[in-house]
Amino acid sequence: MGLSASQARLLTITARLTSNEYESQQISNAKMRLATQSEAASKEYITALNTTQLQMMTYDAQGTAITTPLTANALYQYSDLKNQYALVNTSGQILISNGDAENFKKSATLDEFLECYGITKEFKSPTLEECALKLASNSTDTYADGTPIGGVNDYYQEWIAAIDELTSTGSYINEDGTTITANEVDYQSEKLIAFQNYNNALAAYEDILIKYNANLVDDEAVTKARDSLSDAKSTYSNYTTYDQWIKSKLAYVPAVDDDGNQILDKNGQPVQVFSDLYKNSEKYYEVLAEYNAEAENLGCNSIEDTYTYSDESKAQWYTNLWYRLNGSSSDKSALGEYGTNYAILDNKLASSSQWVQDALKQGAISLEVATYETSTNTIDDMDNPLSVTLNGISWKSTSYSSCSDITEQDNESAIARAEAEYTRKNKEIDSKDKKYENQIKALDTEHNALQTEYESVQTAMNKNIERSFKTFNG
């Protein structure tokens, strides 16, 4: 029984030693993994120390330089003494905020766009301001108290639209319901007849003058001949150009009496009177004439001379933006109507410094800078002087690394976060390492004790075996 008990104990000790050695190996492996984790934490920290962040330098009202992390919002925020930049995607579209996009969509003109940002025109005289308001307003528009403004813009637009329709399609339904037609063949034919009538009237007038000088006719005959010549000349003047002929056809309608019957002259020809379309357009030109006369009296040499902006610098900033979105016209263009020149930037991306930095460095977006040279805007149509072609504005592609107000600096925030994370990980690793050290010490102690016990049991067992052999041999 003693020998069997000793053998059982040896087996138990051997099993425990094997288990002890396995646990020690596992802890050693865990300590090696801690070393790997420590090395990874060190690399992350070193990487963070080498990180940089794009910064943008602006100036406050006192001219003091202020440096802030570069974001789309910071780039687009208006500030005096600040360069104006735009972010552009790979399709060539400028990336703008939803607010700027909404302001552009609802604005039919540059002036309306500027008003969205609190920028107003200040004309050099009340007369100029009143005329400009009428030229830009419709006949149905009113002041806040309900008083009509006296707008004439819709009259002008209707007149131009009628001219365009008759010119392009060859027909137009007049206000009395009749259809006016126009084509080059009729124009040339009528022009020839008008020219012949003018020559006939001229010859008749010259003949009357000869008779008058010979005392063959009286003053009344001369007056009648002169009036006929004047009418013929006026009619022929409507054929100076094809466009003038189109306008003349739209300017007249047949006269009718109170019963709606057509009025005829003494020769049985229909009497022509000015159409409402033409008379309304004349109201526009009357206001325009007053506007131009006032500008001339004030010594204004260009459209820019007639007004100033409530904030000139801010006005130029958003005029540049309008130019990039719409093109050179101060009226909404087809490009602007379809919105093909811009894309809306997500709010989260607009406020992210990491996104704009990564996108610029990886070429997902590029940078453009606005430049402006003082020049006089041109008026394409003297009938519509409030619509101008913007001159002197351009947007040029540039690299962020070449911009003096965009710099790269150590990312202090990222470094601080990395340092805190590095410290936390090291503390965690040290804590685990101490725990493993204590476990190894406990296992070593147990291992030594088991080894000692194993040797003691083995010795006792050997002696027991030796005594047993002596007994049997004796």
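Remarks
- Hey, Y45 among the hydroxyl-bearing types (S, T, Y), at pLDDT 80 or above, touching a helix residue (DSSP H, G or I) at 6+ places or on another chain (Cβ under 7 Å) and not in a strand (DSSP E or B) or not: no
- Filter result for L298 (of a type outside the set (D, E, K, R), in contact with a Lys or Arg (Cβ under 8 Å, 6 or more places away or on another chain) and either without any contact (Cβ under 8 Å) to a residue 60 or more places away in the chain or surrounded by 12 or more Cβ atoms within 10 Å (Cβ to Cβ) (or both)): yes
- Qualifying residue in the range 105-119 (condition: surrounded by fewer than 16 Cβ atoms within 10 Å (Cβ to Cβ) and small (G, A, S)): yes
- A251 falls short on exactly one of the conditions (1) out of contact with any helix residue (DSSP H, G or I) (no Cβ under 6 Å at 6 or more places or on another chain); (2) under 25 Å from S387 (Cβ atoms); (3) modelled with pLDDT of 90 or more, and that condition is (1).
- Condition check for I160: in a loop (DSSP other than H, G, I, E, B) and within 40 Å of the chain's Cα centre (by Cα): no
- Pick from the range 363-395, criterion modelled with pLDDT of 85 or more and charged (D, E, K, R), ranking: surrounded by the fewest Cβ atoms within 10 Å (Cβ to Cβ): E373
- Subset tally (residues that are part of a loop (DSSP other than H, G, I, E, B) and either over 18 Å from N153 (Cα atoms) or hydrophobic (A, V, I, L, M, F, W, C) (or both)) for the range 274-303: 5
The values are calculated or read from the model by the stated rules, or taken from the named source; none is laboratory data. Please read these numbers as outputs of a predicted model, since none were measured by experiment. Don't worry about glycine lacking a Cβ; one is built from the backbone with ideal geometry, like all the others, and counts go over all protein chains shown.
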